[in-house]
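As structure tokens, the structure follows; a few thoughts come after it.
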Amino acid sequence: MADEDDIVLSELSDDDLVAQMKDDLYDGLKEEIEEGTQILLERGWTPYDVLTKALVEGMRIVGEDFRDGILFVPEVLLSANAMKAGMTILRPLLAETGAPKQGKLVIGTVKGDIHDIGKNLVGMMMEGAGFDVVDLGINTSVEEYLAAIEEHKPEFLGMSALLTTTMPYMKVVIDTLVQQGIRDDVIVLVGGAPLNEDFAKAVGADAYCRDAAVTVETAKDLIKRKHNQLAAG
Ligand code: B1M
């Protein structure tokens, strides 16, 4: 039985519900995030808007307070779990666009790094745009990337890193692709909060992707260019 003071999510306006969801994400309340996600969808919100305006924006606030020492790892883990629960509801909806097949992406978070929310989001958005996605998970070694390229023959290799200490591993992977003579077989896309264009250039990636939507646009653009080059001989 609900307490008189309990907030009934379904009775809130859209704006109040989104604000409440940000609080609930901050507090790591998984069930409330699931409920809020469902309510927004039932009200006609697109899965993309729920993702970006409620969940990603909520996680940004968590990130700021983590940085400032207001939140600690156990609390952030709860927030991450709540975020993932919302993403689980959205994933099939984002993937269900019926977009024509565009190519394949092998993606993983680099060795030493266990952050996977951003990578998962990129995977979801790429699936929604018609790409096949092979997700190698977290803490991915160069051997695992190479084995996946050999097995799946993807057009794209995606790498994610959230730590300044793990982002240099991207260069290890790209240098190995060069050594093995397979660098030109894949388009290498890199992303993660501490990266930028200059870093991507310096490690020899084909593109830096600021967020999931940019990843989709970049991938579409680069695959089109590759096809045009092949057609031109
Ligand atoms: Co971590 N953590 N964390 N953490 N964590 C950061 C990254 C940090 C910036 C927080 C801070 O201090 N402000 C900081 C790094 C500082 C630095 O390196 N300069 C940090 C730290 C220090 C740590 C630990 C070392 C803490 C500790 O143990 N003392 C530890 C490291 C563990 C390890 O990896 N070895 C750690 C642990 C954790 C948790 C486990 C608690 C949890 C991760 C849970 C999980 O992912 N399952 C966690 C979280 C959640 C964060 C923050 C708060 C949020 C990250 C996130 O999910 N953002 C983060 C703060 C921040 O980033 N502001 C922080 C939301 C997500 C949607 O955005 O990941 O940026 P993002 O992804 C975006 C884009 O970057 C891009 O698209 C995505 C979607 O739009 N993108 C790609 C990302 N990957 C891409 C790949 C692509 C393309 C685009 O390929 C093609």
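Per residue, what accessible area does region 11-167 have, given a 1.4 Å probe and all protein chains present, in Å²?
Values: 7530 Å² over 157 residues.
With the other protein chains kept in place, region 11-167 gives 48 Å² per residue.
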Practice prompt. Report the FRET efficiency, 1/(1 + (r/R0)^6), for ARG225 and ASP6, where r is their Cβ-Cβ distance and R0 is 41 Å, rounded to 0.05.
Written response: 0.15
Worksheet item: What does the charge add up to near VAL50, with Lys and Arg as +1, Asp and Glu as -1, over the other residues with Cβ less than 13 Å from its Cβ?
Response: -2
Worksheet item: What percent antiparallel are the DSSP beta bridges of the chain, to the nearest 5?
Response: 0 percent
Response to the item:
Charge tally for neighbours of THR140 with beta carbon under 12 Å away, counting Lys, Arg as +1 and Asp, Glu as -1, is -3
Worksheet item: Counting only protein heavy atoms and using a 1.4 Å probe, what share of the accessible area of the chain belongs to carbon plus sulfur, as a whole percent?
Response: 52 percent
Discussion item. Net charge around ILE174, counting only other residues with Cβ within less than 13 Å of its Cβ (Lys, Arg = +1; Asp, Glu = -1)?
Written reply: -1
Fill in: Theoretical gain in end-to-end length, HIS152 to PHE72 [0.36 nm per residue, Cα-Cα removed]
25.0 nm
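Does region 1-108 come out rounded, prolate or oblate by the C-alpha gyration tensor, with a ≥ b ≥ c the root eigenvalues, rounded set by a/c under 1.5 and, if not, prolate when a/b is larger than b/c and oblate if not?
In terms of gyration-tensor shape, oblate.
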Discussion item. At a threshold of 8 angstrom on Cα-Cα distance, excluding pairs fewer than six apart, so keeping six or more, what relative contact order does region 96-178 reach in percent?
Written reply: 41 percent
Worksheet item: Rounded if a/c is under 1.5, else prolate if a/b is larger than b/c, else oblate: which is the chain, with a ≥ b ≥ c the root eigenvalues of its Cα gyration tensor?
Response: prolate
Worksheet item: Which shape class applies to region 124-209: rounded if a/c is under 1.5, otherwise prolate when a/b exceeds b/c and oblate if not, where a ≥ b ≥ c are the square roots of the Cα gyration tensor eigenvalues?
Response: rounded
Practice prompt. Mark the label point 7 Å from the Cα of GLU217 along Cα→Cβ and return the residues of region 19-60 whose backbone N is within less than 17 Å of it.
Written response: 48-49, 52-53
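The values are calculated or read from the model by the stated rules, or taken from the named source; none is laboratory data. Model, not experiment: these values are computed from the prediction. Neighbour counts are summed over all protein chains in view; Cβ atoms, including those assigned to glycine, are modelled from backbone coordinates with ideal geometry. These accessible areas exclude ligands, DNA and RNA; they are computed on the full protein's heavy atoms, side chains included. Shrake-Rupley method; radii C 1.70, N 1.55, O 1.52, S 1.80 Å.
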